[in-house]
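The values are calculated or read from the model by the stated rules, or taken from the named source; none is laboratory data. The structure displayed is predicted, hence computed values, not measured ones. All Cβ positions, even for glycine, are placed from backbone atoms using ideal geometry, and neighbour counts span all protein chains on display.
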Amino acid sequence: MTQPPHVNGQESLRVLVLGTAWTGNGGHTVNRELSLGLAELGHQVTLRVSGPSGDTLPGVEVQALDPIPGIDARGQLLRTDGLPRNVDVLLGAGRFSSGAAGYLRDQFYPTAKVVHFVHAAVDELDRWRGDPDQANEHARTERDLISRADLVVGVGPLLADEARRLARMSENPPPVHELIAGIKLKEPPHYYEGQRRLNVLLFGRADDPLKGADTAAYAVGELQRRGVDVQLVVRGGNPKALREQEESLSALAAMPVKVRPFTGDQRELDSDIRSADLVVIPSRQDGFPLTAMEAAGSGIPVLAGSNIGTGMFLSDPNRVTPNLGLPSVVPMKGNEPARELGRVWADHAEPLLRDLPGTRQRAMDLRAFMAERYTWAHASEGLVRELASAPTRSPQSADERVAVRTRAVSSTAARRKSSTSQQSPAASQPPGRVPPHTTSQQPSQARNRGRGR
């Protein structure tokens, strides 16, 4: 395997990020933003996703895998066509892509490190939804994948704690790193004089009881009764059941509630955020929803429950100045009745909405505070530091290296048979050498080709 180049005197890592989609849950956003952050630090990054991708990322080779019928999104990531020749680090997102990261490491990149990201408390999530069997199954899968990783990353304090608990189940626990998802600075909204009705925004599935849409509906109804003219918008409705979901939440609020369908279009999401006077995250169980960080980047006031990772982070005086973080946190356990929680949330939202100038200034101060400490650049730098201190994988014996090299080329031997007479024997090929990329390429790929991968 060729040696990685150096950037600014530091060794440049060759990173392969695996994802089952371009947009969707928070894990896909983390994949994109970390890929961009690592590339900006001078590392060589390939982001490989199942299915179509969106916009290109500067400095990142984006590989969008054209679907093969009969293979699901996770299986697509096991394909060898287009794999980078050399890789130092593989990033996998939980049970969705960490299995592929470990497999590709074992088959093609024996000295590379696998990073397993924990994006959800899987041992609790499905229990909250009344399915302990699925919770147990997902927890076993997560535990087994963690045992095969070289570094485990929990996104936010709650998930880092969960990652440590799962890692302890291994005979040789891998190190665990807590990563705070970064903010992206965006232009704050332009408010207008004489605004009468205030907008409360919730991102999350309208039909998922864990996301707290019922709590938000009760809260806005209570605010309306207290004389605060407010409306609720829920972004995350089922397109086939919008009418039913609007009617259900409107009945709880005793006033109209707007439900908009789920979307992965960032422009739509940015528009929602700019229109909000308050973003609420009343989840009964959640890891580290990125909504709060997205709102903070635009200077939009936020309220999050103290029971989720976001609330834990904002209320930690060692991380966020109390006068900036504490007003954004609502004390809750998550198991309270929705109507009762609605009153509690109304109690915390009312002073914020009655003092909009002060609330908006505090949100802008929080934006500036976070920009100095918690961006994706900070998150990427922290991850690189942890990778540097993570134990290096043990060198393989000569026989094991030959076996790996043989596996790396055997799956494509038939296609290469006509051209192998002009190449070196398979056993002399470097680990991970595979045929040229055969899937659709983004423009950034052409720019990055030939960078010592």
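Among the residues of segment 43-94 satisfying the criterion of being of a type in the set (Asp, Glu) and crowded, with 19+ Cβ neighbours inside 10 Å, which is farthest from LEU179 (Cα to Cα)? Give the steps one after another, and end with the answer.
Filtering segment 43-94 for residues of a type in the set (Asp, Glu) gives 55, 61, 66, 72, 81, 88.
Imposing the further condition that a residue be crowded, with 19+ Cβ neighbours inside 10 Å reduces the set to 61, 88.
Values: GLU61: 23, ASP88: 20 Å.
Among them, the one singled out is GLU61.
If you go through segment 135-172, how many residues are part of a loop (DSSP other than H, G, I, E, B) and either surrounded by 15 or more Cβ atoms within 10 Å (Cβ to Cβ) or under 16 Å from the mean Cα position of the chain (by Cα) (or both)? Please lay out each step first, then the result.
Our first condition is that a residue be part of a loop (DSSP other than H, G, I, E, B); within segment 135-172, this holds for 148-150, 156, 168-172.
Subset that is either surrounded by 15 or more Cβ atoms within 10 Å (Cβ to Cβ) or under 16 Å from the mean Cα position of the chain (by Cα) (or both): 148-150, 156, 170.
Qualifying residue count for the region: 5.
In summary, helices (runs of 4 or more DSSP H) completely within segment 302-369 and bearing 2 or more residues that are surrounded by 20 or more Cβ atoms within 10 Å (Cβ to Cβ) occur at 309-314, 338-354. Checking each residue in segment 78-93 for being in contact (Cβ under 8 Å) with a residue 60 or more places away in the chain, part of a loop (DSSP other than H, G, I, E, B) and not basic (Lys, Arg) picks out THR80, ASP81, GLY82, LEU83, PRO84, ASN86, VAL87, ASP88. Residue pairs whose Cβ atoms lie under 9 Å apart, separated by 6 or more positions or on different chains, with the first residue in segment 245-263 and in the same structural domain as GLY204 (by TED's automatic domain parsing) and surrounded by fewer than 17 Cβ atoms within 10 Å (Cβ to Cβ) and the second basic (Lys, Arg) and at pLDDT below 95, are PHE262/ARG205. Do we find that THR111 is part of a loop (DSSP other than H, G, I, E, B) and under 30 Å from ASP81 (Cβ atoms) in this structure? When the stated conditions are applied, THR111 passes them. Screening segment 332-354 for residues that are closer than 18 Å to PHE288 by Cα and touching a Gly at 6+ places or on another chain (Cβ under 8 Å) and picking the one that is modelled with the highest pLDDT gives MET332. Could you list, in sequence order, the residues of segment 299-328 that are under 19 Å from the mean Cα position of the chain (by Cα) and within 21 Å of LEU185 (Cβ to Cβ)? Matches in segment 299-328: ALA304, THR310, PHE313, LEU314.
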